[in-house]
1. Could you compute how fast segment 59-197 diffuses translationally, taking Rh as the Kirkwood radius over C-alpha pairs and applying Stokes-Einstein at 25 °C with viscosity 0.890 mPa s? Give it in µm² per second.
2. On a C-alpha basis, how far is the centre of segment 10-31 from the centre of segment 137-198 in Å? Whole number, if you could?
3. So which trypsin sites (Lys or Arg not before Pro) in segment 150-191 end up in coil per DSSP with only 14 or fewer other C-beta atoms within 10 Å?
4. What FRET efficiency comes out for residue 7 versus residue 131 if R0 is 25 angstrom and r is the Cβ-Cβ distance? Round to the nearest 0.05.
5. What's the local net charge at residue 59, with K and R +1, D and E -1, over the other residues with C-beta under 11 Å away?
6. So for each of 10-23, 86-99, 58-71 I average, over its residues, the number of other beta carbons within 10 Å; can you give me the resulting order with the highest mean first?
Amino acid sequence: MACRSCLETRRRLLRQLPRKTGERLARTLLPADMPLHEATPEPAPGPAPAVVRPPAVTIPAQRLIDEARALVGTRYLHQGRNAAGVDCLGFITLAASRAGLDLWTPVGGDRRNYSPSATPDFLAVVQQHATRVDAPVPGAMILFKWPGPSFPQHAAIYTERATIIHALMRRRQVVEHGYRDRWLSITHSVWKIPGVEY
């Protein structure tokens with residue numbers, strides 16, 4: 001039997017998965033006396049929860065793709081947010097901004113000081129604001145999970161040409177290439193971006 005702190009870590013990680021998947025895995029990975037989700041008491045009155053607001057405007061998916069494509073060749077810069085350099089998150093928000101869509105205001109401002117390593121925070125923001133779909137559609141955001149980490153840590157925009165555009169650290173720039181082979185195998189999920197007309 002694993003130590004108590006190991007079990008707590010395991011339970012915390014299982015809680016990050018979709019509820020049904022986490023509960024199914026918990027039956028084999030946690031002892032019977034350790035429920036995945038404990039009953040929570042009624043919350044004490046406090047400030048109202050943050051309201052998720054949709055973007056004020058909408059843009060066609062093709063406009064987002066065109067602006068993303070115009071950024072091909074832009075240098076990779078961790079936490080970069082402008083034409084001088086972008087990372088995968090900065091690339092998507094810059095392309096959206098150039099297309100006329102503000103993605104930062106609805107999520108409560110720019111996310112900074114994050115690690116290039118996988119963390120649950122990135123996925124949590126996406127889950128709160130975007131709509132998950134089963135298959136890529138032009139203009140959708142695809143999240144990728146490298147082998148090893150538990151959470152996705154990379155994002156790209158899917159295009160009408162069945163390609164993806166993204167800021168790739170390994171290539172040190174924004175690139176466009178086919179969505180196949182390795183990229184299909186490390187796909188975590190596909191999301192419709194709020195404010196984009198599909």
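Coordinate-derived values only; no laboratory data. For clarity, every value in this text was computed on a predicted model and none was experimentally measured. Note that we place each Cβ from the backbone using ideal geometry, even for glycine, and neighbour counts take in every protein chain shown.
1. My calculation gives 167 µm²/s for D.
2. That distance is 26 Å.
3. Within segment 150-191, the qualifying trypsin sites (Lys or Arg not before Pro) (loop, at most 14 other Cβ atoms within 10 Å) are 161, 172, 180.
4. E(calc), rounded to 0.05, equals 0.15.
5. Charge balance in the 11 Å sphere: -2.
6. Highest to lowest by the protection proxy: 86-99, 58-71, 10-23.
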